[in-house]
Amino acid sequence: MLALSLGPLTRSLAGTYDFTFVDAPTAASGPAEPGVPEGLLGYEWWGDPGGAYDTAWRPAYEHGFDVAMARLAALAAGGRGGSGEGGEGGEGGGAFDGVIGFSQGAAMALLVPGARWAVLLSAIPPPRGRGPSTGRRDARPSLHVYDAAEPHAHLCRRGGGAF
């Protein structure tokens, strides 16, 4: 979904930056949200099997999170990132210079090791007790974007509270 949404941006930056889009490993719980084109497959990083689409994604549920973390670890170990200078990965030692994520994907983006910056769109926190456990604020440069009027804005504010 994010690749589709960011298509115009990534096409305009092709050749300057490399983009890697990663789908969550689990099919989305429940039917798609209204407005999502029929036949477009949805995925989730964690959820509540059999739960309603509009609630199964919340941080209170963690089914599938271990599978998601394994996928993230494999990607970080063998993934590729664009430095914009033809190199692999960033100076921070990770496979990616920066991360961009939406909703659950933003929560997972925060867990990508070595990423030097983050753009988080309607970011929610990972399942309870499953996020970074350093107790320190994340010092990476970051941009947090969400609609303060959206029904789950309080989760976005909590996700941004780690910075």
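The values are calculated or read from the model by the stated rules, or taken from the named source; none is laboratory data. Everything quoted here is computed from the prediction, not taken from an experiment. Quick reminder, even Gly has a Cβ in these numbers, built from the backbone with ideal geometry, and neighbours come from all protein chains shown. For the accessible areas, the whole protein counts, side chains as well, though only heavy atoms, and no ligand, DNA or RNA atoms are used. Shrake-Rupley method; radii C 1.70, N 1.55, O 1.52, S 1.80 Å.
Kindly sort 163, 102, 96 by accessible area of their heavy atoms, largest first, with the probe set to 1.4 Å.
102, 163, 96
Once ligands and nucleic acids are excluded and a 1.4 Å probe is used, how much of residue 75 is accessible, expressed in Å² to the nearest 10?
The accessible area of residue 75 comes to roughly 40 Å².
Where does the charge balance sit around residue 64 when Lys and Arg score +1, Asp and Glu -1, over other residues with C-beta under 11 Å from its C-beta?
Summing Lys and Arg as +1 and Asp and Glu as -1 gives -3.
With a 1.4 Å probe and all protein chains in place, put 16, 10 in order of accessible area, largest first.
16, 10
Ordering 48, 147 by accessible area with a probe of 1.4 Å, largest first, what comes out?
Reading off the accessible areas and sorting them downward yields 147, 48.
Put a dot 7 Å past each Cα toward the Cβ at residue 5 and residue 67; how far apart are the dots in nm?
Each label point is offset 7 Å from its Cα along the Cβ direction, giving 2.3 nm.
Counting only the heavy atoms of the protein chains, how much of residue 1 is accessible to a 1.4 Å probe, in Å² to the nearest 10?
Counting only protein heavy atoms, the figure is 110 Å².
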